Amino acid sequence: MKIVRFLFGSLLMIIGFVIIYLAFIKSDEKIEFELIGSSNIIHNLGEEYHDLGVIAKENDVDYSSEVKINNNVNINLEGKYTVTYEFRNKELTRYVNVSIKKEVTPTYLNPVCCYNSSNGQYKWESSGTCTISGYSVYDKITTESECKIEQETPTPVPFTPTLVPVTPTPTPSPIITPVPVTPSPTPTVEPVKEEPGKLEIHLFGAGGFYDDAILIRTKKATMFIDGGRGDSEVVKYLNSLKITKIDYVIGSHTEYDHMHAHGAVIDNFQVDNLMYANDIRSCGCRCESTDVRATLSALSKKNVPITIPQVPSTLTIGDMTLYILAPWQLGCNKNNNSLVFILKYGNNTFMFTGDSDSPFNDSNKLIENAKALGLTDIKVDVLKYPHHGNEFINDGTMSAVSPKYVIVPNNNAPNNPSNTMTNKITSLGGTIYRLSDSTTKSIVITSDGNNITFDKDALVTNYIW
């Protein structure tokens with residue numbers, strides 16, 4: 001009998017251990033781990049290296065502090081190093097390769113036009129520096145086309161006229177025969193028509209994540225919204241379009257998967273203004289150091305003014321007008337601090353939402369704010385689906401917005417949005433364009449102020465101005 005009790009007790013103990021173990025394993029599986037920044041880093045020899053780490057979250061609860069960083073990088077010795085991470089004594093599959101090199105040239109630099117004063121020749125250098133002896137950067141030319149025009153323009157040869165004396169020949173008197181003249185009708189002069197304006201919206205993948213990366217530009221102004229964690233991919237895409245100046249870089253909200261690339265954008269381009277819903281220099285619970293670190297580092301080298309808009313308010317950028325509708329209050333939920341605004345270009349309207357949840361689903365307040373700015377409603381032609389496509393949109397907001405088109409920056413999350421939301425959009429007559437369906441991971445929307453077209457498999461080479 002004692003043996004039976006012993007065996008029964010041992011069995012219960014084993015079962016208990018198994019349950020605890022399975023619960024522990026299951027709890028680990030629920031937590032999502034995301035690498036911050038690039039997985040391949042080139043770092044200068046001797047400079048202090050700070051690893052950005054991994055974000056560990058479950059149901060908006062941050063467990064990042066429990067992640068251990070195994071950093072064996074020797075900044076004083078050239079070579080390749082691997083940074084690994086552990087969570088609850090288990091090594092994660094995520095890692096970062098760090099290459100320590102001497103005088104590392106940044107991967108992406110703005111190309112320059114080089115000029116040789118001795119022979120008057122110009123040369124376009126994509127490396128960002130003048131590599132040929134005798135050439136120096138000519139900063140008055142900023143585009144390859146202008147540099148080529150200067151290169152191909154021949155130097156004028158001075159012309160010295162030869163003077164030859166001419167003896168005039170007498171002209172005989174003409175015989176004039178009168179001819180009746182019928183007056184010609186006055187020609188009708190057609191007014192010169194200006195070429196219609198054009199707006200482009202580029203929605204593109206940023207480093208393989210589902211992060212938002214949106215470029216908006218017309219002939220008069222350029223905006224860039226979010227950018228996520230794909231620093232090098234964002235810079236490469238903008239460079240491919242020959243972008244040199246950005247009037248406004250906008251962070252929908254202060255979260256690393258939306259604004260981390262802002263640091264690289266500020267470093268590599270002329271940025272005239274930044275706009276966030278809250279002050280990133282002292283945002284308290286509204287952001288974490290990993291969210292704003294890269295941007296603040298870039299701002300320590302360049303003085304770019306930061307705009308914190310009132311809600312509601314309007315902002316004119318070139319020939320575009322922004323109607324800012326949310327957030328009307330700030331809290332510790334970063335997603336709900338997202339900027340929600342309607343961009344108006346000509347007669348076309350586009351709504352951008354960041355990761356907004358509760359404010360975006362409060363259609364009555366959005367309509368109230370819109371009317372305060374002179375709009376009659378919040379119906380738009382194009383809606384940027386909030387939160388990478390995994391947000392729920394209630395019937396009231398969906399009906400109030402009634403988008404003709406919906407763009408979803410879901411990139412590597414092909415199941416977003418849900419079937420329920422997809423059916424809700426299509427039942428209202430909307431057409432959905434998802435980044436995950438794009439073979440080029442780039443969708444370009446074009447508007448002339450009245451008509452909107454979509455290129456769902458856009459090639460960046462087709463959009464170079």
Handout entry: Of the criteria (1) touching a Leu at 6+ places or on another chain (Cβ under 6 Å); (2) open to solvent by 40 Å² or more (accessible area, probe 1.4 Å); (3) not charged (D, E, K, R), which one N278 fails
Key = (2)
Handout entry: Answer from D247, D257, D319, D291 - the residue that is under 21 Å from A213 (Cα atoms) and more than 14 Å from the chain's Cα centre (by Cα)
Key = D291
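This table checks each residue for (1) farther than 17 Å from L435 by Cα; (2) touching a Pro at 6+ places or on another chain (Cβ under 8 Å); (3) modelled with pLDDT of 95 or more.
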{"position": "I216", "(1), (2), (3)": "no, no, yes"}
{"position": "K220", "(1), (2), (3)": "yes, no, yes"}
{"position": "I225", "(1), (2), (3)": "no, no, yes"}
{"position": "G228", "(1), (2), (3)": "no, no, no"}
{"position": "D231", "(1), (2), (3)": "yes, no, no"}
{"position": "L238", "(1), (2), (3)": "yes, no, yes"}
{"position": "L241", "(1), (2), (3)": "yes, no, yes"}
{"position": "I246", "(1), (2), (3)": "yes, no, yes"}
{"position": "I250", "(1), (2), (3)": "yes, no, yes"}
Fill in the blank from the handout: Among strands (runs of 3 or more DSSP E) entirely inside region 349-465, those with 1 or more residues being of a type in the set (A, V, I, L, M, F, W, C) and in contact with a Phe, Trp or Tyr (Cβ under 7 Å, 6 or more places away or on another chain) are 382-384, 405-408, 442-447, 452-455
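Does K384 satisfy the criteria of being among the basic types (K, R) and under 15 Å from V340 (Cα atoms)?
Working: among the basic types (K, R): yes; under 15 Å from V340 (Cα atoms): yes.
Criteria met by K384.
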Practice task
Starting from region 396-425, keep only residues that are over 20 Å from L203 (Cα atoms), then list their pairs with residues that are of a type in the set (G, A, S) and open to solvent by less than 40 Å² (accessible area, probe 1.4 Å) whose Cβ atoms are within a distance under 6 Å, requiring at least 6 positions of separation or different chains.
Solution key: G396/S363; T397/S363; A400/S363
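Look through region 407-429, keep the residues that are of a type in the set (A, V, I, L, M, F, W, C) and surrounded by fewer than 18 Cβ atoms within 10 Å (Cβ to Cβ), and return whichever of them is farthest from the chain's Cα centre (by Cα).
L428
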Handout entry: Single unsatisfied condition, K404 versus (1) open to solvent by 20 Å² or more (accessible area, probe 1.4 Å); (2) within 15 Å of S356 (Cβ to Cβ)
Key = (2)
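Given the condition among the hydroxyl-bearing types (S, T, Y), out of contact with any Ser or Thr (no Cβ under 6 Å at 6 or more places or on another chain) and on the phi > 0 side of the Ramachandran plot, answer yes or no: does some residue in region 384-398 qualify?
Our first condition is that a residue be among the hydroxyl-bearing types (S, T, Y); within region 384-398, this holds for 385, 397.
From what is left, the residues that are out of contact with any Ser or Thr (no Cβ under 6 Å at 6 or more places or on another chain) are 385.
Keeping just the survivors that are on the phi > 0 side of the Ramachandran plot gives none.
No, region 384-398 has no match at all.
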Practice task
Go through region 213-230 residue by residue and tally those that are open to solvent by 10 Å² or more (accessible area, probe 1.4 Å) and out of contact with any Phe, Trp or Tyr (no Cβ under 9 Å at 6 or more places or on another chain).
Solution key: 1
Problem - Number of positions in region 241-279 that are part of a strand (DSSP E or B) and not hydrophobic (A, V, I, L, M, F, W, C) - result: 6
Completion exercise
Subset of region 79-93, residues at pLDDT 80 or above and not in a strand (DSSP E or B), comes to R88
Handout entry: Residue in region 376-388 that is farthest from N451 (Cα to Cα), counting only those that are free of Cβ contacts under 8 Å to residues at least 60 places away in the same chain and surrounded by 19 or more Cβ atoms within 10 Å (Cβ to Cβ)
Key = H387
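Being within 17 Å of L274 (Cβ to Cβ) and out of contact with any strand residue (DSSP E or B) (no Cβ under 8 Å at 6 or more places or on another chain): is that true of N361 here?
Working: within 17 Å of L274 (Cβ to Cβ): no; out of contact with any strand residue (DSSP E or B) (no Cβ under 8 Å at 6 or more places or on another chain): yes.
Spelling it out, it is not the case that N361 is within 17 Å of L274 (Cβ to Cβ) and out of contact with any strand residue (DSSP E or B) (no Cβ under 8 Å at 6 or more places or on another chain).
Name the residue that is surrounded by the most Cβ atoms within 10 Å (Cβ to Cβ), counting only residues in region 75-93 that are out of contact with any helix residue (DSSP H, G or I) (no Cβ under 8 Å at 6 or more places or on another chain) and hydrophobic (A, V, I, L, M, F, W, C).
So in region 75-93, the residues out of contact with any helix residue (DSSP H, G or I) (no Cβ under 8 Å at 6 or more places or on another chain) come out as 75-86, 89, 91-93.
Add one more test, that the residue is hydrophobic (A, V, I, L, M, F, W, C), and what stays is 75, 77, 83, 92.
Values: I75: 15, L77: 10, V83: 21, L92: 16.
The extreme case among them is V83.
Here is a yes/no grid of residues against (1) of a type in the set (D, E, K, R); (2) at pLDDT below 95; (3) under 18 Å from the mean Cα position of the chain (by Cα); (4) open to solvent by 10 Å² or more (accessible area, probe 1.4 Å):
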{"position": "D272", "(1), (2), (3), (4)": "yes, no, yes, yes"}
{"position": "K302", "(1), (2), (3), (4)": "yes, yes, no, yes"}
{"position": "S313", "(1), (2), (3), (4)": "no, no, no, yes"}
{"position": "Y323", "(1), (2), (3), (4)": "no, no, no, yes"}
{"position": "W328", "(1), (2), (3), (4)": "no, no, no, yes"}
{"position": "G331", "(1), (2), (3), (4)": "no, yes, no, yes"}
{"position": "N336", "(1), (2), (3), (4)": "no, yes, no, yes"}
{"position": "L343", "(1), (2), (3), (4)": "no, no, yes, no"}
Problem - Those residues of region 445-465 which are touching a Leu at 6+ places or on another chain (Cβ under 8 Å) and open to solvent by less than 50 Å² (accessible area, probe 1.4 Å), in sequence order - result: I445, T446, S447, G449, V460, Y463
Practice task
Name every residue in region 342-379 that is under 21 Å from I432 (Cβ atoms) and out of contact with any helix residue (DSSP H, G or I) (no Cβ under 6 Å at 6 or more places or on another chain), in order of residue number.
Solution key: I342, L343, N348, T349, F350, M351, F352, T353, G354, S356, F360, K379
Practice task
Could you tell me whether any residue of region 430-444 is within 17 Å of the chain's Cα centre (by Cα), of a type in the set (K, R) and open to solvent by 40 Å² or more (accessible area, probe 1.4 Å)?
Solution key: yes
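The values are calculated or read from the model by the stated rules, or taken from the named source; none is laboratory data. As the structure is a computational prediction, the values presented were derived from the model and not from experiment. Neighbour counts run over all protein chains shown; Cβ positions are idealised from the backbone, glycine included. Please note that ligands, DNA and RNA were not included when accessible areas were found on the heavy atoms of the full protein model with its side chains. Shrake-Rupley method; radii C 1.70, N 1.55, O 1.52, S 1.80 Å.
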